[in-house]
Amino acid sequence: MNYRHAFHAGNFADVLKHVVLARILAYLGRKDGAWRVIDTHAGAGLYDLAGEEAERTGEWRQGVGAVFEATLAPEVETLLAPWKASVAAANPQGGLRHYPGSPLVALSLARPQDRLLFCETEPGIRAALAEAVKGDARAKVLATDGWQALSAYVPPKERRGVVLVDPPFEQPGEFQRLADGLISAHARWQGGVLCAWYPIKDIRAVDAFRREITRAGIPKTLRVELDIYATRQPDRLSGCGMVVVNPPFTLADEMRTVLTALAPLLAADGKGRVRVGWLMPER
Ligand SMILES: C[S@@+](CC[C@H](N)C(=O)[O-])C[C@H]1O[C@@H](n2cnc3c(N)ncnc32)[C@H](O)[C@@H]1O
(Lines give C-alpha, C1' and ligand atoms only; values in the text may rest on other atoms or scores of the structure.)
Protein backbone atom coordinates (compact mmCIF):
# COMPACT_ATOMS: atom_id res chain seq x y z
CA MET A 1 0.00 0.00 0.00
CA ASN A 2 1.72 3.20 -1.06
CA TYR A 3 -1.06 5.63 -1.84
CA ARG A 4 -0.45 9.02 -0.26
CA HIS A 5 -3.24 11.50 -0.55
CA ALA A 6 -0.82 14.35 0.26
CA PHE A 7 0.22 14.39 -3.43
CA HIS A 8 -3.36 15.10 -4.47
CA ALA A 9 -4.78 17.10 -1.56
CA GLY A 10 -6.85 20.05 -2.70
CA ASN A 11 -6.98 18.96 -6.35
CA PHE A 12 -10.15 19.09 -8.49
CA ALA A 13 -11.27 15.70 -7.17
CA ASP A 14 -10.99 16.83 -3.55
CA VAL A 15 -12.90 20.01 -4.35
CA LEU A 16 -15.79 18.06 -5.87
CA LYS A 17 -15.85 15.47 -3.06
CA HIS A 18 -15.56 17.95 -0.22
CA VAL A 19 -18.11 20.40 -1.61
CA VAL A 20 -20.60 17.51 -1.91
CA LEU A 21 -19.84 16.44 1.69
CA ALA A 22 -20.15 19.99 3.01
CA ARG A 23 -23.47 20.59 1.19
CA ILE A 24 -24.91 17.38 2.66
CA LEU A 25 -23.79 18.24 6.20
CA ALA A 26 -25.06 21.81 5.89
CA TYR A 27 -28.44 20.34 4.96
CA LEU A 28 -28.45 17.79 7.81
CA GLY A 29 -27.53 20.59 10.20
CA ARG A 30 -30.84 22.34 9.54
CA LYS A 31 -32.48 19.97 12.03
CA ASP A 32 -31.32 19.56 15.62
CA GLY A 33 -31.13 15.74 15.57
CA ALA A 34 -27.58 14.44 15.88
CA TRP A 35 -25.86 13.05 12.79
CA ARG A 36 -22.90 10.75 12.41
CA VAL A 37 -20.25 10.71 9.70
CA ILE A 38 -18.55 7.40 8.96
CA ASP A 39 -15.50 8.07 6.79
CA THR A 40 -14.21 4.63 5.80
CA HIS A 41 -10.96 5.77 4.13
CA ALA A 42 -10.19 8.95 6.02
CA GLY A 43 -6.61 9.94 5.12
CA ALA A 44 -4.47 12.33 7.17
CA GLY A 45 -7.10 14.99 7.82
CA LEU A 46 -4.84 17.99 7.19
CA TYR A 47 -2.36 18.62 4.37
CA ASP A 48 0.43 21.14 3.99
CA LEU A 49 0.12 22.68 0.53
CA ALA A 50 3.69 23.96 0.83
CA GLY A 51 4.93 20.49 1.79
CA GLU A 52 7.11 18.39 -0.47
CA GLU A 53 4.37 16.05 -1.68
CA ALA A 54 1.80 18.74 -2.53
CA GLU A 55 4.49 20.89 -4.15
CA ARG A 56 5.80 18.01 -6.24
CA THR A 57 2.54 17.64 -8.17
CA GLY A 58 1.14 21.15 -7.67
CA GLU A 59 -2.31 19.66 -8.27
CA TRP A 60 -3.91 21.89 -5.65
CA ARG A 61 -3.18 24.98 -7.73
CA GLN A 62 -5.76 23.91 -10.31
CA GLY A 63 -8.10 22.84 -7.52
CA VAL A 64 -8.62 24.74 -4.31
CA GLY A 65 -6.05 27.34 -5.40
CA ALA A 66 -7.99 28.26 -8.56
CA VAL A 67 -11.33 28.32 -6.71
CA PHE A 68 -10.02 30.61 -3.97
CA GLU A 69 -8.56 33.03 -6.51
CA ALA A 70 -11.72 33.26 -8.60
CA THR A 71 -14.49 35.79 -8.41
CA LEU A 72 -17.68 33.79 -8.39
CA ALA A 73 -21.37 34.68 -8.60
CA PRO A 74 -23.01 35.31 -5.22
CA GLU A 75 -25.24 32.21 -5.46
CA VAL A 76 -22.15 30.05 -6.07
CA GLU A 77 -20.32 31.64 -3.14
CA THR A 78 -23.33 30.91 -0.92
CA LEU A 79 -23.27 27.23 -1.90
CA LEU A 80 -19.49 27.02 -1.42
CA ALA A 81 -19.58 28.79 1.96
CA PRO A 82 -19.61 25.68 4.24
CA TRP A 83 -16.66 24.10 2.40
CA LYS A 84 -14.78 27.41 2.20
CA ALA A 85 -15.33 27.88 5.94
CA SER A 86 -13.68 24.50 6.56
CA VAL A 87 -10.66 25.60 4.48
CA ALA A 88 -10.52 28.87 6.41
CA ALA A 89 -10.68 26.95 9.71
CA ALA A 90 -7.63 24.94 8.60
CA ASN A 91 -5.77 28.22 8.03
CA PRO A 92 -6.22 30.22 11.24
CA GLN A 93 -3.38 32.55 10.19
CA GLY A 94 -5.23 33.33 6.93
CA GLY A 95 -4.10 32.47 3.41
CA LEU A 96 -4.10 29.03 1.86
CA ARG A 97 -1.26 27.02 3.39
CA HIS A 98 -3.20 24.00 4.62
CA TYR A 99 -5.99 21.97 3.09
CA PRO A 100 -8.53 20.03 5.18
CA GLY A 101 -9.29 16.45 4.15
CA SER A 102 -12.74 14.92 4.54
CA PRO A 103 -12.41 14.41 8.34
CA LEU A 104 -11.70 18.08 8.99
CA VAL A 105 -14.32 19.26 6.49
CA ALA A 106 -16.89 17.19 8.40
CA LEU A 107 -15.59 18.20 11.82
CA SER A 108 -15.78 21.89 10.93
CA LEU A 109 -19.52 21.44 10.28
CA ALA A 110 -20.22 19.27 13.32
CA ARG A 111 -22.30 20.56 16.23
CA PRO A 112 -21.87 19.44 19.85
CA GLN A 113 -24.37 16.58 19.43
CA ASP A 114 -22.79 15.15 16.23
CA ARG A 115 -20.31 12.27 16.06
CA LEU A 116 -17.62 11.25 13.58
CA LEU A 117 -15.89 7.95 12.96
CA PHE A 118 -12.73 7.87 10.86
CA CYS A 119 -11.04 4.68 9.62
CA GLU A 120 -7.48 4.71 8.35
CA THR A 121 -5.32 1.59 8.07
CA GLU A 122 -1.92 3.13 7.29
CA PRO A 123 -0.26 3.75 10.70
CA GLY A 124 1.69 6.91 9.83
CA ILE A 125 -1.32 8.52 8.15
CA ARG A 126 -3.56 7.43 11.05
CA ALA A 127 -1.17 9.09 13.53
CA ALA A 128 -1.33 12.33 11.53
CA LEU A 129 -5.13 12.12 11.52
CA ALA A 130 -5.26 11.48 15.27
CA GLU A 131 -3.09 14.57 15.75
CA ALA A 132 -5.33 16.65 13.45
CA VAL A 133 -8.52 15.83 15.44
CA LYS A 134 -6.82 15.63 18.85
CA GLY A 135 -8.85 16.95 21.75
CA ASP A 136 -12.20 16.77 19.96
CA ALA A 137 -14.29 14.19 21.80
CA ARG A 138 -16.82 14.02 18.94
CA ALA A 139 -14.27 12.34 16.66
CA LYS A 140 -12.93 8.80 16.91
CA VAL A 141 -10.04 7.49 14.81
CA LEU A 142 -9.96 3.74 14.21
CA ALA A 143 -7.43 1.39 12.64
CA THR A 144 -10.33 -0.71 11.37
CA ASP A 145 -10.34 -1.67 7.70
CA GLY A 146 -12.79 0.68 5.99
CA TRP A 147 -14.63 -2.12 4.17
CA GLN A 148 -15.17 -3.96 7.45
CA ALA A 149 -16.30 -0.72 9.11
CA LEU A 150 -18.96 -0.43 6.43
CA SER A 151 -20.52 -3.63 7.77
CA ALA A 152 -19.70 -3.14 11.45
CA TYR A 153 -20.82 0.49 11.98
CA VAL A 154 -23.69 0.87 9.52
CA PRO A 155 -26.36 1.80 10.49
CA PRO A 156 -25.15 4.16 13.21
CA LYS A 157 -27.29 4.50 16.29
CA GLU A 158 -28.20 8.12 15.42
CA ARG A 159 -29.94 6.89 12.24
CA ARG A 160 -29.03 10.19 10.60
CA GLY A 161 -25.82 10.89 8.82
CA VAL A 162 -23.40 10.22 6.03
CA VAL A 163 -21.12 7.39 5.01
CA LEU A 164 -18.20 8.44 2.81
CA VAL A 165 -16.34 5.68 0.98
CA ASP A 166 -13.22 7.07 -0.66
CA PRO A 167 -10.75 4.24 -1.33
CA PRO A 168 -7.40 4.79 -3.04
CA PHE A 169 -8.26 2.67 -6.12
CA GLU A 170 -4.85 1.05 -6.09
CA GLN A 171 -5.99 -2.54 -6.09
CA PRO A 172 -7.80 -4.49 -8.77
CA GLY A 173 -11.47 -5.03 -8.05
CA GLU A 174 -11.93 -1.76 -6.15
CA PHE A 175 -14.97 -0.73 -8.24
CA GLN A 176 -16.63 -4.08 -7.50
CA ARG A 177 -15.90 -3.69 -3.78
CA LEU A 178 -17.37 -0.22 -3.89
CA ALA A 179 -20.56 -1.41 -5.59
CA ASP A 180 -20.91 -4.37 -3.21
CA GLY A 181 -20.20 -2.18 -0.18
CA LEU A 182 -22.77 0.44 -1.17
CA ILE A 183 -25.46 -2.11 -1.97
CA SER A 184 -25.05 -3.98 1.31
CA ALA A 185 -24.78 -0.75 3.36
CA HIS A 186 -28.03 0.43 1.77
CA ALA A 187 -29.72 -2.88 2.58
CA ARG A 188 -28.85 -2.30 6.25
CA TRP A 189 -29.55 1.46 6.32
CA GLN A 190 -32.13 2.49 3.77
CA GLY A 191 -32.36 6.08 4.99
CA GLY A 192 -28.65 6.84 5.19
CA VAL A 193 -26.83 9.21 2.88
CA LEU A 194 -24.21 6.99 1.27
CA CYS A 195 -21.47 8.64 -0.78
CA ALA A 196 -18.85 6.89 -2.88
CA TRP A 197 -16.07 8.62 -4.78
CA TYR A 198 -14.55 7.10 -7.94
CA PRO A 199 -11.90 8.03 -10.50
CA ILE A 200 -12.75 8.37 -14.19
CA LYS A 201 -9.76 6.76 -15.83
CA ASP A 202 -10.84 3.39 -17.13
CA ILE A 203 -14.23 4.30 -18.56
CA ARG A 204 -15.31 0.67 -18.94
CA ALA A 205 -14.83 0.09 -15.22
CA VAL A 206 -16.82 3.26 -14.47
CA ASP A 207 -19.65 2.16 -16.79
CA ALA A 208 -19.75 -1.30 -15.21
CA PHE A 209 -19.88 0.28 -11.73
CA ARG A 210 -22.74 2.60 -12.72
CA ARG A 211 -24.62 -0.30 -14.32
CA GLU A 212 -24.22 -2.43 -11.21
CA ILE A 213 -25.54 0.34 -8.96
CA THR A 214 -28.44 1.00 -11.34
CA ARG A 215 -29.26 -2.73 -11.52
CA ALA A 216 -29.40 -2.89 -7.72
CA GLY A 217 -32.40 -0.55 -8.02
CA ILE A 218 -31.52 1.61 -5.01
CA PRO A 219 -33.96 4.51 -5.20
CA LYS A 220 -32.70 8.09 -5.04
CA THR A 221 -29.21 7.52 -6.35
CA LEU A 222 -27.53 10.59 -7.78
CA ARG A 223 -24.31 10.75 -9.74
CA VAL A 224 -22.16 13.85 -9.88
CA GLU A 225 -19.27 13.80 -12.35
CA LEU A 226 -16.69 16.19 -13.72
CA ASP A 227 -14.24 15.62 -16.58
CA ILE A 228 -11.22 17.89 -16.68
CA TYR A 229 -9.80 16.65 -19.99
CA ALA A 230 -11.59 16.63 -23.33
CA THR A 231 -10.20 13.21 -24.23
CA ARG A 232 -9.82 10.20 -21.98
CA GLN A 233 -6.63 8.22 -21.62
CA PRO A 234 -6.64 4.99 -19.64
CA ASP A 235 -3.51 5.92 -17.66
CA ARG A 236 -4.58 9.42 -16.67
CA LEU A 237 -7.20 10.69 -14.26
CA SER A 238 -9.46 12.52 -16.69
CA GLY A 239 -12.24 13.14 -14.26
CA CYS A 240 -13.99 11.84 -11.19
CA GLY A 241 -17.42 11.24 -9.83
CA MET A 242 -19.52 10.53 -6.81
CA VAL A 243 -22.55 8.39 -6.34
CA VAL A 244 -24.82 9.68 -3.57
CA VAL A 245 -27.66 7.54 -2.26
CA ASN A 246 -30.43 9.52 -0.51
CA PRO A 247 -28.96 12.97 -1.19
CA PRO A 248 -30.78 15.98 0.25
CA PHE A 249 -33.42 16.97 -2.33
CA THR A 250 -31.47 20.18 -2.93
CA LEU A 251 -28.13 18.56 -3.82
CA ALA A 252 -28.63 17.89 -7.55
CA ASP A 253 -29.48 21.51 -8.37
CA GLU A 254 -26.80 22.81 -6.03
CA MET A 255 -24.06 20.69 -7.59
CA ARG A 256 -25.17 21.63 -11.10
CA THR A 257 -24.83 25.30 -10.19
CA VAL A 258 -21.51 24.88 -8.40
CA LEU A 259 -19.82 22.60 -10.93
CA THR A 260 -20.98 24.62 -13.93
CA ALA A 261 -19.23 27.61 -12.34
CA LEU A 262 -16.13 25.69 -11.21
CA ALA A 263 -15.57 23.45 -14.26
CA PRO A 264 -13.78 26.13 -16.32
CA LEU A 265 -11.46 26.79 -13.35
CA LEU A 266 -10.74 23.15 -12.55
CA ALA A 267 -10.52 21.75 -16.08
CA ALA A 268 -7.24 21.41 -17.90
CA ASP A 269 -8.90 22.60 -21.14
CA GLY A 270 -10.62 25.56 -19.43
CA LYS A 271 -14.03 24.03 -20.10
CA GLY A 272 -14.70 20.76 -18.37
CA ARG A 273 -17.81 18.62 -18.61
CA VAL A 274 -20.31 18.26 -15.79
CA ARG A 275 -22.83 15.45 -15.43
CA VAL A 276 -25.33 15.55 -12.59
CA GLY A 277 -28.26 13.19 -12.89
CA TRP A 278 -30.18 10.33 -11.35
CA LEU A 279 -29.00 6.76 -11.81
CA MET A 280 -32.24 5.87 -10.09
CA PRO A 281 -34.84 8.47 -9.11
CA GLU A 282 -37.20 8.28 -6.16
CA ARG A 283 -39.65 5.38 -6.42
C1 LIG B 1 -8.23 8.78 -1.10
S2 LIG B 1 -7.47 8.71 0.46
C3 LIG B 1 -8.65 9.41 1.53
C4 LIG B 1 -8.89 10.87 1.39
C5 LIG B 1 -9.91 11.44 2.33
N6 LIG B 1 -11.16 10.68 2.31
C7 LIG B 1 -10.20 12.88 2.02
O8 LIG B 1 -11.12 13.15 1.24
O9 LIG B 1 -9.51 13.75 2.56
C10 LIG B 1 -7.61 7.01 0.87
C11 LIG B 1 -7.03 6.65 2.22
O12 LIG B 1 -7.48 5.32 2.54
C13 LIG B 1 -6.46 4.66 3.26
N14 LIG B 1 -6.76 3.22 3.13
C15 LIG B 1 -6.37 2.35 2.18
N16 LIG B 1 -6.96 1.15 2.35
C17 LIG B 1 -7.76 1.27 3.45
C18 LIG B 1 -8.65 0.40 4.12
N19 LIG B 1 -8.85 -0.86 3.68
N20 LIG B 1 -9.33 0.86 5.19
C21 LIG B 1 -9.15 2.13 5.63
N22 LIG B 1 -8.31 3.01 5.04
C23 LIG B 1 -7.63 2.59 3.96
C24 LIG B 1 -5.18 5.12 2.59
O25 LIG B 1 -4.08 4.98 3.47
C26 LIG B 1 -5.53 6.59 2.29
O27 LIG B 1 -5.07 7.43 3.33
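The values are calculated or read from the model by the stated rules, or taken from the named source; none is laboratory data. In this text, all values refer to a predicted model and were calculated from it rather than measured experimentally. Positions of Cβ are backbone-derived with ideal geometry, glycine not excepted, and every protein chain shown enters the neighbour counts.
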Taking segment 139-153 and keeping only residues that are more than 21 Å from G101 (Cβ to Cβ) and in contact with a strand residue (DSSP E or B) (Cβ under 6 Å, 6 or more places away or on another chain), one is left with none
Identify the residue in segment 142-165 that is touching a Cys at 6+ places or on another chain (Cβ under 8 Å) and touching a residue at least 40 places away in the same chain (Cβ under 8 Å) and, among all such residues, is farthest from G191 (Cα to Cα). G146
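Results for (1) closer than 23 Å to L265 by Cβ; (2) part of a helix (DSSP H, G or I); (3) of a type outside the set (A, V, I, L, M, F, W, C); (4) more than 8 Å from the ligand (Cβ to nearest atom), shown as yes or no for each residue.
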{"site": "G10", "(1), (2), (3), (4)": "yes, no, yes, yes"}
{"site": "V15", "(1), (2), (3), (4)": "yes, yes, no, yes"}
{"site": "H18", "(1), (2), (3), (4)": "yes, yes, yes, no"}
{"site": "R23", "(1), (2), (3), (4)": "yes, yes, yes, yes"}
{"site": "D32", "(1), (2), (3), (4)": "no, no, yes, yes"}
{"site": "I38", "(1), (2), (3), (4)": "no, no, no, yes"}
{"site": "A44", "(1), (2), (3), (4)": "no, no, no, no"}
Quick one: what pairs do we get from segment 176-204, first residue farther than 17 Å from M280 by Cα and touching a residue at least 12 places away in the same chain (Cβ under 8 Å), second basic (K, R) and not in a helix (DSSP H, G or I), C-beta under 7 Å, 6+ apart or different chains? K201/R236; I203/R232
Look at S108 and say whether it is within 15 Å of the chain's Cα centre (by Cα), within 14 Å of the ligand (Cβ to nearest atom) and surrounded by fewer than 21 Cβ atoms within 10 Å (Cβ to Cβ). yes
Name the single residue that is nearest to V37 (Cα to Cα) among those in segment 188-237 being surrounded by fewer than 21 Cβ atoms within 10 Å (Cβ to Cβ) and polar (S, T, N, Q). Q190
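Of all residues being of a type outside the set (G, A, S) and under 17 Å from C195 (Cβ atoms) in segment 229-243, which is nearest to the chain's Cα centre (by Cα)? Just the residue, please.
Of segment 229-243, the ones of a type outside the set (G, A, S) are 229, 231-237, 240, 242-243.
When the remaining residues are screened for being under 17 Å from C195 (Cβ atoms), the result is 240, 242-243.
Values: C240: 11, M242: 8, V243: 10 Å.
Within segment 229-243, the match that is nearest to the chain's Cα centre (by Cα) is M242.
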(1) within 12 Å of the ligand (Cβ to nearest atom); (2) farther than 13 Å from V87 by Cα; (3) among the aliphatic types (A, V, I, L, M) all hold for A50 apart from (1)
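Quick grid of which residues meet (1) modelled with pLDDT of 95 or more; (2) out of contact with any helix residue (DSSP H, G or I) (no Cβ under 7 Å at 6 or more places or on another chain); (3) within 28 Å of A185 (Cβ to Cβ); (4) among the charged types (D, E, K, R):
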{"residue": "A73", "(1), (2), (3), (4)": "yes, no, no, no"}
{"residue": "E77", "(1), (2), (3), (4)": "yes, yes, no, yes"}
{"residue": "G95", "(1), (2), (3), (4)": "yes, yes, no, no"}
{"residue": "P100", "(1), (2), (3), (4)": "yes, no, yes, no"}
{"residue": "V105", "(1), (2), (3), (4)": "yes, no, yes, no"}
{"residue": "R111", "(1), (2), (3), (4)": "yes, yes, yes, yes"}
{"residue": "D114", "(1), (2), (3), (4)": "yes, yes, yes, yes"}
{"residue": "C119", "(1), (2), (3), (4)": "yes, no, yes, no"}
{"residue": "A128", "(1), (2), (3), (4)": "yes, yes, yes, no"}
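Give segment 264-279 a look and list any residue that's in a helix (DSSP H, G or I) and within 17 Å of the chain's Cα centre (by Cα), or say none. Even if it seems obvious, please write down each step before you answer.
Let us first name the residues in segment 264-279 that are in a helix (DSSP H, G or I), namely 264-266.
Hit for segment 264-279 is L266, nothing else.
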Of the conditions (1) away from the ligand (no atom under 16 Å from the Cβ); (2) touching an Asp or Glu at 6+ places or on another chain (Cβ under 8 Å); (3) of a type in the set (S, T, Y), T71 fails just one. Which one is it? (2)
Is segment 160-175 home to any residue that is surrounded by 21 or more Cβ atoms within 10 Å (Cβ to Cβ), in a loop (DSSP other than H, G, I, E, B) and touching a strand residue (DSSP E or B) at 6+ places or on another chain (Cβ under 6 Å)? yes
Looking at segment 1-34 only, could you name the residues that are at pLDDT 95 or above and farther than 21 Å from K84 by Cα? K31, D32, G33, A34
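Just checking, which of G181, G146 is within 12 Å of the ligand (Cβ to nearest atom) and in contact with a Leu (Cβ under 6 Å, 6 or more places away or on another chain)? Reasoning before the result, please.
Values: G146 fails: in contact with a Leu (Cβ under 6 Å, 6 or more places away or on another chain).
From the options G181, G146, the qualifying one is G181.
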Would you please list the contacts, defined by Cβ atoms under 6 Å and residues six or more apart or on different chains, that run from a residue in segment 39-53 that is on the phi > 0 side of the Ramachandran plot to a residue that is modelled with pLDDT under 95? G43/H5
